1. With a ≥ b ≥ c taken as the square roots of the eigenvalues of the C-alpha gyration tensor of segment B:118-209, please select rounded if a/c is under 1.5 and otherwise prolate if a/b is larger than b/c or oblate if it is not?
2. Can you classify chain A as rounded, prolate or oblate using the Cα gyration tensor, where a ≥ b ≥ c are the square roots of its eigenvalues, rounded means a/c under 1.5, and otherwise it's prolate if a/b beats b/c and oblate if not?
3. Can you bin every Cα-Cα distance in segment B:4-161 into 10 Å intervals starting at zero and give me the percent of pairs per bin, rounded to whole numbers?
4. Note the full-extension length gain between B:Arg217 and B:Ile137 as 0.36 nm times their separation in residues minus their Cα-Cα distance, in nm to one decimal.
5. Return the long-range amide H neighbours of A:Asp213 (sequence gap of 5 or more, or a different chain), with a cut-off of under 5 Å between placed amide H atoms.
6. Could you tell me the relative contact order of segment B:1-159? Use alpha-carbon pairs under 8 Å, at least six residues apart, and round to a whole percent.
7. For segment B:232-265 and segment B:1-29, what is the centre-to-centre distance using only Cα atoms, to the nearest Å?
8. In whole Hz and in residue order, list the ³J(HN,Hα) couplings for segment A:67-83 that follow from phi through the Karplus curve 6.51 cos²θ - 1.76 cosθ + 1.60, θ = phi - 60°; x for Gly and Pro.
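The values are calculated or read from the model by the stated rules, or taken from the named source; none is laboratory data. These numbers come from a predicted model, not from an experiment. Here the Cβ positions follow ideal geometry from the backbone for every residue, glycine too, while neighbour counts run over all protein chains shown. Heads up: the accessible areas ignore ligands, DNA and RNA and are worked out on the full protein's heavy atoms, side chains in. Shrake-Rupley method; radii C 1.70, N 1.55, O 1.52, S 1.80 Å.
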Amino acid sequence: MRGATRARWAVCALSAALVAAAAGCGGSGSGAGVVRSSWGDPQNQLEPANTNEVQGGKVLAMIFRGLKRYDPRSGAAENMLAEQIETADQQNFTITLKDGWTFSNGEKVTSKSFVDAWNYAALVDNKQKNASFFEYVDGYDKVHPSSGSATARTLSGLVVKDDRTFTVKLSTKFSTWPDTLGYAAYAPLPRAFFDDHAAWLKKPVGNGPYTVDSYAKGSAMKLTKWEGYPGDDKARNSGVELRVYTDNNTAYTDLQAGNLDLVDDIPSAQLKNVKNDLGDRYINQPAGIIQTLVFPMYDANWTKSGMEKVRRGLSMAINREQITDQIYHKTRTPATDWTSPALGGQGGYKAGLCGDACTFDAAAAKQLIQDGGGLPGGRITLTSNVDTGSHRVWLDAVCNSINNALGNDNACVVNPVGTFADFRNQISEHRLSNPFRSGWQMDYPLIQNFLQPLYYTDASSNYGKFSDPEFDRLVDEANAERSQDAANTKFHDAERILARVMPAIPLWYQNGSAGYSERISDVTLNPFSVPVYEQIKVG
Amino acid sequence: MGRYVVRRLLQMVPVFIGSTFLIFFMVYALGDPVAALFGDKAPDPATAARIRQELYLDEPLWKQYAHYMGQILSGDFGTAFNGQPVTELMADAFPVTLRLTLVAILFEIVIGITLGVLSGLRRGRSADTTVLLLTLIVVSIPTFVSGYVLQYLFGVKWGIVSPSVSPEAPFDELLLPGIVLALTSLAYVTRLSRTSIAENSRADYVRTAVAKGLPRRRVVTRHLLRNSLIPVVTFIGTDIGALMGGAIVTERIFNIHGVGFQLYQGILRQNSPTVVGFVTILVIVFLLANLFVDLLYAVLDPRIRYA
């Protein structure tokens, strides 16, 4: 061990001699109170409005606080920096900020910090991947036209009243809009972001409980507790070290060897041992993720009359219970609607909305498919990328289940696609003429987020091009409701249409699974299956 | 000799252009990478168009390639999606993989040739049979199996080494991954040198050397080994390139952030600048290693001389 330290020191001294940055070598005693956690290389630059995947989102959740925050347990949106968000007509909102918030570099968080950040995010020139989150704000079509260059630099719907107040005008009524504001894309940004963008990207500065200490892209990020953090969710540990792992098996091995404290993605190969290995230090709880099989409703074969029976029949032919048990060791839960239990009742989850159509019944499935005129061309193919997520395994299982129910070995075959990128291409170009996998991870814990972007006519992620005027009307009405309960009721009615028409088969809800070492305690996952780092205690 | 080297170096140019174009074409054929950047969400058309424009993806293939080659010649290998210049990725990844390859090659040379010589000199005896059996076993075990097993035994069960390698990847942490990476090639080196030694030990010049009354040690090292090493050197030379490119599995298992890791990420995310850039460098390494091997021939066997 001593030899190892000496060698490492030598390498550090050498690299320090070559480049001035000796970060990561100094202070070997800084390990006390630090949570060592597994991480994946974020796909994009770490900007709030440019981060749309879990790994980058993890960091943003540590270094940023927005107007609202989702309760780590219930998922309910609660005011964070917002003192109040008022509206009289569900379309014009007045936002008042709490006093006393600053960024970790000392700059005050004002209404301008938000408005500037949002304008930056929405402007097409800045190529922010989450720009479409601002499409509800008035003037979005000017700063982000679907083609050509922007005719305005700022959103006309955003007006700064004073340091602590600004107003937002939406282009349509959207009663639950304030509850979406906990999403990272809506975070405030300090002046430093705009003044020296490159430097900010190297070492992001935010207003959350942690500050970035060092960031070596592709290998590690060290975060330290920000002592001056004004919020009441201060970090209970002295810092977090995020280590990039190329393979979650290695992360798990490191956890077993005591080199790592927290793994937030248990490799599927270890699921059968994990309870023995970790005991109650294994977490398996619902996350806001659902997997579905989407039908290409743009293909005439799938929309002719009677096909809704076939689609429902296929759904009934899938033995969800068995697949989630045997392949996923209960880290998936059979779906009974199109949302997620992580929403909770208040967010709009209601179990069983899919009804019989999501209950395995081989005989009824066969009957339904026959009544509907049989499978188009006598057989179907299921398409998914197979590079990650053990998709190949469950696709085979689903096909088996369908083949068994229909008593035909060739009724269903799998069409594996090598890479996620290729798969996304085929989907977005509407090249598939048979059902394909679609995973959806919620952005904010509201039923709206599970229905509108996916099934509303011409919605952004409506890959199957499902269109139903009745469904659209119900969603519009739900968005105009004053109370969330009333909105939820309308959304449930909309879900019943999905159950009847079955444009997408709900397969299962995905759980977050994590494991941790004996060194740390109070580990929880939030509804987005991201560890709540600031609550973790060390020692 | 000098003219030979120059000719060889010039020959690399078409190979270089051809291979980069092939890789470029293959990555391009995988489709548009921008769609995947948006995850499960549909790409917003305006943003996606801007990103495509920035990455030159909206141009026809030959223009993309011309633009890319122009960039490369001025030392710019493009940018990965996370905003990092590919040259920066290379500066991080290549030294790590180079160290890993070095460790592996050293194991190959030291253990492989020693075992080969020993068993070659004791042809047909029990030591020879044991070595042959062992190498057979090693060759038949896939790298990921030996990798995970050794990692578990040494890293978790016995706690002798850390199961994963730190980002700085110092030599002492690379010993275990180096052995895993070297194992298969090591077995080949053993077998190659054994056969070669066994064959040459009956050669006339060895008999002459023995007849002259030279000490056995000198016969083996100066006469026998020098001639027998030619096929082994050929193998090790080509293996340098193969090890660097083929470290994907080993690097994944031991969490080494080297070339294999970057290539894997690049392919997974369909990031053509990363993939093409890294493979281009690997192609150059491969070509140079081959040249080096050819030059070594002349040193090992004076009869082989290049005009």
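1. Note, shape of segment B:118-209 comes out prolate.
2. Oblate, because a/c is 1.5 or more while a/b does not exceed b/c.
3. All Cα pairs considered, the percentages come to 8, 19, 23, 21, 19, 8, 2, 0.
4. 25.7 nm
5. Residues meeting the amide H criterion: A:Lys222, A:Leu223, A:Thr224.
6. Computed value for segment B:1-159: 8 percent relative contact order.
7. About 21 Å separates the Cα centre of segment B:232-265 from the one of segment B:1-29.
8. 4, 10, 9, 8, 4, x, 8, 8, x, 5, 7, 10, 5, 10, 7, 7, 7
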